[in-house]
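Student: One structure, as structure tokens, below. Some questions next.
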Amino acid sequence: MPATVLIGAQWGDEGKGKIIDYLAAGAEVVVRFQGGNNAGHTIVTKDGTFKFHLLPSGIVYPGKAVVIGNGVVIDPKVLLSEIDSLEARGFPTDGLRISDRANVIMGYHCMLDGAEERHRGGKKVGTTGRGIGPAYQDKVARSGVRIAHIVDRELLRARLEAVLPSKERALRSLGDDTRLDVNSLVEEYGRYGDALKRYVTDTSVLVNGALDRGAQVLMEGAQGTMLDVDHGTYPFTTSSNCVSGAACAGAGIGPKRILKIIGVVKAYTTRVGEGPLPTEQKGDLGRKMLERGGEYGTTTGRARRCGWLDIVVVRHACRLNGLDALALTKADVLGGMDEVQVCRAYMLDGKEIANVPSTVEELERCEPVYDTLESWPGLKADDAKGGYGTLPRALKDYVRYIEKGARVKIEIVSIGPERWATVER
Ligand code: GDP
Ligand code: IMO
Ligand code: MG
């Protein structure tokens, strides 16, 4: 069976975890392929609420293989604490497999993340502070430490001896005089390696083997298209490619393995951190969305900036990801509003434009052109029981409006955080 890729079509936090959890019921393998513990994916099942940063969202199902692919940057300390807390809740992690080629987020990457942000002054990105950017910089600069290194102390020592001097120099240039001691880092990261060793393997072999056998493989994207380092609001992006194409490089599979690509779209728009957000509502409306949607970051707890749905952005995501279908989430949050607005185009310097401009300077000057739609009554999770046909008419009109603007079908509508608050079309 071919793989299905699921990605975020906005600025992250679209509800990817919830939709992956819903779809994982029918999959044998769930794979993360990029990002790191900057991600925070929430799932709500009968067993409670789970927030995952590195573990793929399929982990709560017994008997599934869940894979952290080579394209992910892994903070082993965070991963181990996630594993421990899940096991303490009675969920085994035997199905977890970690790529031996994945890069490691070291403590100095987190220090560098903070120092780089301080040096950006008024132009900070508002990163999650988890060392993501510096870890990807090292990967691309060929100065990274990989999982294969931390499971072998000799390899780890040799690697650290090669890279630490340049890391100390980098810290010093940013005003941080911390000395990086090879022995203590070998000791600390060697211990993490010991604890993770039983999960480590060549995950490309595993995933391709599963595909060869006909297993259903689900690929779980992190962040979102507008945070993609190439296609997002650069430089206010993350440091990885978040589009569907990254699934191949980040999991070690060929493009022909992918049959279906699903984009997750929140019924409105949010973003955490700095950078342009054309439809942002800074007043009462934005606050209403924030409160009703519980829009606080899963990783950092920061309040998310909120605004109306932006179809220009959704269309950008449809094109870049080659989307076959959309999952619309948080439709309940807009229920009971006076009206719903959607941005269908931008005005830039007096001209109407239909695509996202390439510079943030231009995007900052874009004025959204809105259509106003009717709102629908409030919804509860139980309203999913009757199926799509029983959803309020105005919500179905909203679904059709988005489909027309995006030219992609909405196959799933989510009306609550719970696994069962989900309607298939
Ligand atoms: P992700 O990063 O894309 O996985 O999304 P997050 O988990 O960071 O943020 C989405 C938030 O919305 C989480 O708190 C989810 O539990 C919640 N959520 C997901 N779908 C729905 C929905 O349809 N309605 C409501 N009200 N909440 C939802
Ligand atoms: P999920 O997978 C929302 C944002 C940060 C910051 C920018 C760069 O839960 O959707 P980084 O730490 O990656 O260098 O920060 O990207 N960001 C996210 N925003 N959801 C996420 O992940 C994010 N991961 C990073 O807030 O603006
Ligand atoms: Mg999130």
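The values are calculated or read from the model by the stated rules, or taken from the named source; none is laboratory data. Since the structure is predicted, the reported quantities are computational estimates derived from the model, not experimental observations. Counting neighbours? That spans all protein chains shown, and the Cβs are built from the backbone with ideal geometry, glycine included. Accessible surface is based on the protein model in full, side chains and every heavy atom, while ligands, DNA and RNA are left aside. Shrake-Rupley method; radii C 1.70, N 1.55, O 1.52, S 1.80 Å.
Student: Taking residue 80 as meeting all but one of (1) more than 16 Å from ligand 2 (Cβ to nearest atom); (2) of a type in the set (A, V, I, L, M, F, W, C); (3) farther than 17 Å from residue 198 by Cβ, write down the number of the exception.
Tutor: (3)
Student: So, in segment 184-209, exactly how many residues are surrounded by fewer than 22 Cβ atoms within 10 Å (Cβ to Cβ) and within 25 Å of residue 244 (Cα to Cα)?
Tutor: Residues flagged as surrounded by fewer than 22 Cβ atoms within 10 Å (Cβ to Cβ) and within 25 Å of residue 244 (Cα to Cα) within segment 184-209 amount to 8.
Student: Related question: What pairs come up if the first residue lies in segment 28-55 and is free of Cβ contacts under 8 Å to residues at least 24 places away in the same chain, the second is within 10 Å of ligand 1 (Cβ to nearest atom) and outside any strand (DSSP E or B), and their beta carbons are under 7 Å apart, counting only those six or more places apart or on different chains?
Tutor: none
Student: Would you confirm whether any residue within segment 34-50 is more than 10 Å from ligand 2 (Cβ to nearest atom), buried (at least 24 other Cβ atoms within 10 Å of the Cβ) and of a type outside the set (Val, Ile, Thr)?
Tutor: Within segment 34-50 (the criterion being more than 10 Å from ligand 2 (Cβ to nearest atom), buried (at least 24 other Cβ atoms within 10 Å of the Cβ) and of a type outside the set (Val, Ile, Thr)), the answer is no, since none of the residues qualifies.
Student: Starting from residues that are surrounded by fewer than 15 Cβ atoms within 10 Å (Cβ to Cβ) and over 18 Å from residue 10 (Cβ atoms), keep the ones in segment 284-306 and report whichever is nearest to ligand 3 (Cβ to nearest atom).
Tutor: 301
Student: Among the residues of segment 387-425, which ones are open to solvent by 50 Å² or more (accessible area, probe 1.4 Å), in contact (Cβ under 8 Å) with a residue 60 or more places away in the chain and within 16 Å of ligand 1 (Cβ to nearest atom)?
Tutor: Residues satisfying the conditions are 411, 417, 419.
Student: Turning to a different aspect of this structure: Step by step: first the residues of segment 4-57, then only those that are farther than 28 Å from residue 276 by Cα and either assigned by TED's automatic domain parsing to the domain that holds residue 418 or of a type in the set (Ser, Thr, Tyr) (or both), then the one that is farthest from ligand 1 (Cβ to nearest atom). Which residue is that?
Tutor: 4
Student: A further question follows. Given the conditions (1) outside any helix (DSSP H, G or I); (2) more than 17 Å from residue 281 (Cβ to Cβ), and given that residue 336 satisfies all but one, which numbered condition is not satisfied?
Tutor: Among (1) outside any helix (DSSP H, G or I); (2) more than 17 Å from residue 281 (Cβ to Cβ), the lone unmet condition for residue 336 is (2).
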